[in-house]
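K.L.:
What follows is a structure written as structure tokens; I'll ask about it next.
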Amino acid sequence: MSTIEEILTTMDYGKAPEDPSAANAWLAAHPQLEHFINGTFKADKGEALEVHNPATGALLTKAPMASGSLVDEAVKAARKAQPKWAGLSGHQRAKYLYAITRILQKRSRLFAVLESMDNGKPIRESRDADIPLVIRHFYHHAGWAEIMEEELPGHGPLGVCGQIIPWNFPLLMLSWKIAPALAAGNTVVLKPAEFTPITAALFAEVCAEAGLPAGVVNIVFGAGETGAAISGHSDIDKVAFTGSSEVGKIIRRQTAGSGKKLSLELGGKSPFIVFDDADIDSAVEGVVDAIWFNQGQVCCAGSRLLVQEAVADKFLEKLKDRAEKLVVGDPLDKSTDIGAIVDASQLETIQSMVTQGQAEGATLWQPSATLPNQGCYYPPSILSDVSSASTVVQQEIFGPVLTAQTFRTHAEAIQLANNTRYGLSASIWSETLSVALDAAARVKAGVIWVNGTNMFDAAAGFGGYGESGFGREGGIEGLLEYLSEPAPKVKPAKPQAVDFSPLPAGANESDAIDRTAKFYIGGKQARPDGAATYTAYSAKGKPISQAGLGNRKDVRNAVAAAVKAAGWSASSPHLRAQILYYLAENLEVRREEFASRLSLMTGASAAKALEEVDTSVQRISFYAGYADKYDGKVHSTLTRHVTLAMNEPIGVMGIICPDEAPLLSMVSLMAPALAMGNRVVMLASQPSPLMAGDLMQVLETSDIPAGVVNLLTGDHSAMAPTLADHDDVNGLWNFGPESADLDAGSAGNLKITWTSTADWLNPASAQGKRYLRHAVQVKNIWVPYGE
Ligand code: NDP
């Protein structure tokens with residue numbers, strides 16, 4: 001036995017093993033898990049997957065693999081149950097959610113132990129982080145069910161949600177998906193990951209015990225094929241997925257053109273930035289939590305350390321000292337810091353990525369302690385001598401491996417932080433609040449932690465930018481992902497046949513052809529690439545002008561101009577409002593001219609054409625008014641934390657205008673996007689391209705900075721795919737015909753897409769906050785305070 005003096009010198013903890021007997025008894029009673037469909041447990045005699053404890057290799061149970069027909073049965077049960085579930089009052093739904101929460105609380109230790117056995121995470125984490133957050137999530141959403149009618153009038157459930165979750169936080173991800181879906185009146189079919197199905201099975205028992213109506217929650221087990229059967233099912237209204245960016249893209253393509261609502265919470269390569277005035281000891285603890293929590297198998301892990309040169313040596317020395325003291329071992333020992341990697345295949349992935357890093361020149365540091373001699377363990381590791389181009393800096397390792405780089409200036413830190421295709425989170429350390437908040441504003445990520453890391457709460461949204469996916473989970477942002485928008489349903493207008501040939505054979509250049517309209521790119525009128533044109537006709541079929549016929553090169557030029565105009569996204573809302581008012585004013589001055597052009601092109605009566613112009617003027621003013629009023633929120637999360645939900649522009653947006661209402665539809669889409677700080681590349685109405693030509697002249701005189709608005713005319717089918725594919729376009733609004741190809745094209749960089757239609761003269765349909773909501777992405781910035 002150690003003496004007191006030895007204990008005080010080494011500060012070693014003794015073993016504090018958790019009692020697994022209740023978990024073992026549960027497992028003994030469940031040698032094979034059963035699907036939970038329509039309120040009953042369903043044995044499946046088909047192939048089953050063995051579920052092992054990654055710390056010991058012991059077989060825990062087996063999980064069946066749901067076939068397509070079983071998924072179909074689950075979807076049918078969910079569909080049948082949904083109207084009745086949605087028909088309950090919010091209070092009644094809340095009561096079920098409270099009941100689930102209370103049972104979860106009562107069984108929290110069993111859940112924690114099973115989670116640690118199944119996943120390999122230390123009991124300290126499953127007991128103190130995962131399960132309390134699960135409980136918090138159900139409580140929070142029970143509250144949403146109660147107040148939804150008051151807070152979100154006119155919103156309704158989507159229907160049946162297909163939910164696919166990963167293995168790193170099995171029950172927590174389940175709660176992030178099921179709680180908001182149920183609160184909003186949806187029913188669900190959920191598949192846990194094949195490595196970690198156990199707590200989902202126990203959760204099904206909780207649903208049964210809570211008396212949840214049959215079919216509201218359905219849980220099916222299986223591997224990727226079962227997941228694909230859910231996300232591809234034709235009777236699913238929404239797919240919510242957490243997992244790798246690779247599978248996220250597959251699902252984006254699979255659901256393309258289906259009209260299914262989609263939210264994707266994907267990978268990350270999040271920066272952990274330490275400025276030279278940071279509290280170094282706290283920041284070292286921060287790194288421990290950022291990259292060694294859950295063995296680094298965390299989508300928002302702070303896996304890229306960026307430390308300012310002046311303190312880098314000292315910082316790394318302290319970090320290594322600290323890592324030497326981390327206890328790697330039995331997940332069920334309460335003094336374990338780092339448990340087991342989820343599976344041997346994941347361990348191999350980590351090992352091979354580290355080997356690749358070393359082959360590319362990285363230096364590997366690992367602590368001196370030896371690992372347990374059985375089970376899937378990997379030590380806390382640091383890779384230095386890496387550059388931004390290194391594979392280990394660019395790709396998610398999803399293990400306890402930190403890369404370390406240094407920077408000299410604030411600007412360099414931001415540049416390094418943003419040098420990634422991901423954008424999930426960032427942790428920023430500086431004792432100077434202005435330095436930390438400036439970095440918080442400039443790092444492109446959905447969640448920013450100032451002087452802290454891994455702060456989570458059900459009241460705040462969580463989700464990423466770029467290839468980290470889209471949509472949020474948690475808070476009102478997450479709830480809205482499970483609700484339909486309060487807008488009248490509008491049938492898409494019938495597409496008009498447009499002839500894209502230059503001049504019909506035999507037609508002569510009569511006086512009616514007054515000019516060739518150009519494009520508006522980078523603040524200048526630009527000729528089409530290859531000088532291609534097509535003829536614009538009056539409503540009576542008479543040629544009235546030539547218009548530019550855009551191609552993919554024109555789209556690329558327009559996108560390049562929009563990328564350069566980044567200053568607009570950083571400009572003040574007041575400035576944006578002023579410029580939009582000026583635009584409205586300038587349009588109003590020319591209202592008669594625009595109206596007569598509209599009458600000529602569309603055949604609208606003089607009064608109707610004037611109404612379209614006047615509504616356009618009003619609509620621009622409406623969004624000018626909103627430019628500085630579509631506020632973010634301060635979420636009510638943890639005590640002594642400010643959690644700011646900031647509405648940030650999406651960036652460069654491609655906008656496909658419909659054929660109808662050529663002026664009003666164009667400004668109804670342009671104005672909200674600009675008001676929120678986006679730069680736009682717009683494909684104008686195909687049959688009425690002259691409206692774009694006329695609007696250019698107004699834009700030119702309205703102080704809109706070059707590149708903020710770019711207008712192209714021509715055949716959408718030739719240009720839109722380039723917009724959808726382009727990696728510098730961050731968002732795509734399609735108000736033309738629904739297109740599976742465009743949705744699929746947007747998967748490349750996981751653009752935020754919105755396909756819709758509107759009744760342009762009706763403000764309930766064509767104007768309002770929902771346009772602003774689609775023009776922003778929410779960044780949650782966490783700032784703890786106190787001594
Ligand atoms: P996946 O993305 O493959 O799996 C996530 C979930 O999707 C699982 O339930 C999986 O089923 C399911 N799935 C797999 N293929 C499909 C498909 N085609 N259609 C629908 N569902 C599908 O992650 P992995 O578990 O394979 O991990 C691989 C890598 O992904 C990790 O190394 C890590 O980098 C990253 N990852 C990121 C996570 C995050 O939170 N961002 C979480 C987990 C992993 P099944 O498990 O049965 O294969």
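K.L.:
If you scan the range 746-771, which residues turn out to be open to solvent by 10 Å² or more (accessible area, probe 1.4 Å) and charged (D, E, K, R)?
P.N.:
Asp759, Lys769, Arg770
K.L.:
Is it fair to say Trp144 is open to solvent by 10 Å² or more (accessible area, probe 1.4 Å), in contact (Cβ under 8 Å) with a residue 24 or more places away in the chain and within 14 Å of the ligand (Cβ to nearest atom)? Talk me through it step by step, then tell me what you get.
P.N.:
Working: open to solvent by 10 Å² or more (accessible area, probe 1.4 Å): yes; in contact (Cβ under 8 Å) with a residue 24 or more places away in the chain: yes; within 14 Å of the ligand (Cβ to nearest atom): no.
Spelling it out, it is not the case that Trp144 is open to solvent by 10 Å² or more (accessible area, probe 1.4 Å), in contact (Cβ under 8 Å) with a residue 24 or more places away in the chain and within 14 Å of the ligand (Cβ to nearest atom).
K.L.:
Filtering the range 56-65 down to residues that are touching a Gly at 6+ places or on another chain (Cβ under 7 Å) and open to solvent by 10 Å² or more (accessible area, probe 1.4 Å), which residue is farthest from Pro122 (Cα to Cα)?
P.N.:
If we filter the range 56-65 for residues that are touching a Gly at 6+ places or on another chain (Cβ under 7 Å), which is where we start, we get 56-57, 64-65.
From what is left, the residues that are open to solvent by 10 Å² or more (accessible area, probe 1.4 Å) are 56-57, 65.
Values: Thr56: 13, Gly57: 16, Met65: 28 Å.
Per the criteria, the residue is Met65.
K.L.:
Considering only residues that are farther than 17 Å from Asn53 by Cβ and of a type in the set (Asp, Glu), look in the range 162-211 and name the one that is farthest from the ligand (Cβ to nearest atom).
P.N.:
The initial filter retains those residues of the range 162-211 that are farther than 17 Å from Asn53 by Cβ, namely 162-166, 169, 172-191, 203-211.
In the following step, the residues that additionally are of a type in the set (Asp, Glu) were identified as 205, 209.
Numbers: Glu205: 20, Glu209: 25 Å.
Looking at residues that are farther than 17 Å from Asn53 by Cβ and of a type in the set (Asp, Glu), I get Glu209.
K.L.:
To continue, here is another question. Ser345 fails exactly one of the following numbered conditions: (1) assigned to a helix (DSSP H, G or I); (2) closer than 27 Å to Asp728 by Cα; (3) not hydrophobic (A, V, I, L, M, F, W, C). What is the number of that condition?
P.N.:
Just one mismatch for Ser345, condition (2).
K.L.:
Sticking with this one: Checking Ala627 against (1) under 16 Å from Ala577 (Cα atoms); (2) surrounded by fewer than 20 Cβ atoms within 10 Å (Cβ to Cβ); (3) out of contact with any strand residue (DSSP E or B) (no Cβ under 7 Å at 6 or more places or on another chain), which single condition isn't satisfied?
P.N.:
If we test Ala627 against (1) under 16 Å from Ala577 (Cα atoms); (2) surrounded by fewer than 20 Cβ atoms within 10 Å (Cβ to Cβ); (3) out of contact with any strand residue (DSSP E or B) (no Cβ under 7 Å at 6 or more places or on another chain), just (2) comes out false.
K.L.:
Which one is most open to solvent (accessible area, probe 1.4 Å), of the residues in the range 640-667 that are out of contact with any Gly (no Cβ under 9 Å at 6 or more places or on another chain) and not in a strand (DSSP E or B)?
P.N.:
Checked the range 640-667; the qualifying residue most open to solvent (accessible area, probe 1.4 Å) is Glu660.
K.L.:
Quick check on this structure: which one of Lys45, Lys80, Lys76, Lys84 is at pLDDT below 95 and open to solvent by 70 Å² or more (accessible area, probe 1.4 Å)?
P.N.:
On the way: Lys80 fails: at pLDDT below 95; Lys76 fails: at pLDDT below 95; Lys84 fails: at pLDDT below 95.
Going through Lys45, Lys80, Lys76, Lys84 in turn, the sole match is Lys45.
K.L.:
Are there any pairs, at least 6 apart or on different chains, whose C-beta atoms fall under 7 Å, with the first in the range 362-374 and free of Cβ contacts under 8 Å to residues at least 60 places away in the same chain and under 25 Å from Asn53 (Cα atoms) and the second among the hydroxyl-bearing types (Ser, Thr, Tyr) and not in a strand (DSSP E or B), and if so, which?
P.N.:
If the second residue must be among the hydroxyl-bearing types (Ser, Thr, Tyr) and not in a strand (DSSP E or B), the pairs left are Leu371/Tyr377.
K.L.:
Okay, next question. When both residues are 6+ apart or on different chains and their Cβ atoms are under 7 Å apart, which pairs have a first residue that lies in the range 21-34 and is at pLDDT 95 or above and open to solvent by 40 Å² or more (accessible area, probe 1.4 Å), and a second that is among the basic types (Lys, Arg) and not in a helix (DSSP H, G or I)?
P.N.:
From residues that are at pLDDT 95 or above and open to solvent by 40 Å² or more (accessible area, probe 1.4 Å), the pairs are Pro31/Lys62; Gln32/Lys62; Glu34/Lys42.
K.L.:
Out of (1) buried (at least 24 other Cβ atoms within 10 Å of the Cβ); (2) within 18 Å of Val613 (Cβ to Cβ), the odd one out for Gln697 is which?
P.N.:
(1)
K.L.:
If I filter the range 206-219 down to residues being open to solvent by 10 Å² or more (accessible area, probe 1.4 Å) and in contact with a strand residue (DSSP E or B) (Cβ under 8 Å, 6 or more places away or on another chain), which single residue comes out as farthest from Glu149 (Cα to Cα)? Break it down stepwise before answering.
P.N.:
Here is the first cut: in the range 206-219, the residues open to solvent by 10 Å² or more (accessible area, probe 1.4 Å) are 208-214.
Cutting the leftovers down to in contact with a strand residue (DSSP E or B) (Cβ under 8 Å, 6 or more places away or on another chain) gives us 208, 214.
Working: Ala208: 27, Ala214: 24 Å.
Looking at the filtered set, the residue picked out is Ala208.
K.L.:
Further question: Going by the conditions given, is Gln394 of a type outside the set (D, E, K, R), under 27 Å from the mean Cα position of the chain (by Cα) and either over 24 Å from Ser245 (Cβ atoms) or within 16 Å of the ligand (Cβ to nearest atom) (or both)? Let's see the steps before the verdict.
P.N.:
Working: of a type outside the set (D, E, K, R): yes; under 27 Å from the mean Cα position of the chain (by Cα): yes; either over 24 Å from Ser245 (Cβ atoms) or within 16 Å of the ligand (Cβ to nearest atom) (or both): yes.
Answer is yes for this residue.
K.L.:
Separate question: Give me the pairs: first residue in the range 438-457 and under 17 Å from Lys269 (Cα atoms) and open to solvent by 10 Å² or more (accessible area, probe 1.4 Å), second residue of a type in the set (Asp, Glu) and not in a loop (DSSP other than H, G, I, E, B), beta-carbon distance under 6 Å, and six or more apart or on different chains, which are they?
P.N.:
Thr453/Asp289; Asn454/Asp289
K.L.:
So which of Gly361, Gly375 ends up being surrounded by fewer than 17 Cβ atoms within 10 Å (Cβ to Cβ) and at positive phi? I'd like the intermediate steps shown before the answer.
P.N.:
Values: Gly375 fails: surrounded by fewer than 17 Cβ atoms within 10 Å (Cβ to Cβ).
The match here is Gly361.
K.L.:
Also, I was wondering about something else. Taking the range 610-646, which residues are among the polar types (S, T, N, Q) and over 29 Å from the mean Cα position of the chain (by Cα)?
P.N.:
The first filter runs over the range 610-646 and keeps only residues among the polar types (S, T, N, Q), leaving 615-616, 618, 621, 636-637, 639, 643.
Residues satisfying the conditions are Thr615, Ser616, Gln618, Ser621.
K.L.:
List every residue pair whose Cβ atoms lie under 6 Å apart, where the two residues are 6 or more positions apart in sequence or sit on different chains, the first residue falls within the range 232-258 and is free of Cβ contacts under 8 Å to residues at least 24 places away in the same chain and within 17 Å of Lys76 (Cβ to Cβ), and the second residue, located anywhere, is open to solvent by 20 Å² or more (accessible area, probe 1.4 Å) and within 10 Å of the ligand (Cβ to nearest atom).
P.N.:
Matching pairs, first to second residue: Gly232/Gln254.
K.L.:
Quick check on my filter: what residues within the range 531-567 are in a loop (DSSP other than H, G, I, E, B) and either open to solvent by less than 50 Å² (accessible area, probe 1.4 Å) or of a type outside the set (Lys, Arg) (or both)?
P.N.:
Quick first cut of the range 531-567, residues in a loop (DSSP other than H, G, I, E, B) only: 532, 538-542, 549-551, 565-566.
Listed by number, the residues that qualify are Ala532, Ser538, Ala539, Gly541, Leu549, Gly550, Asn551, Ala565, Ala566.
The values are calculated or read from the model by the stated rules, or taken from the named source; none is laboratory data. Note that this is a predicted model, so its numbers are computed, not measured. No Cβ is skipped: glycine too gets one built from the backbone with ideal geometry, and neighbour counts run over all protein chains shown. Ligands, DNA and RNA are excluded from the accessible area calculation, which covers all protein heavy atoms including side chains. Shrake-Rupley method; radii C 1.70, N 1.55, O 1.52, S 1.80 Å.
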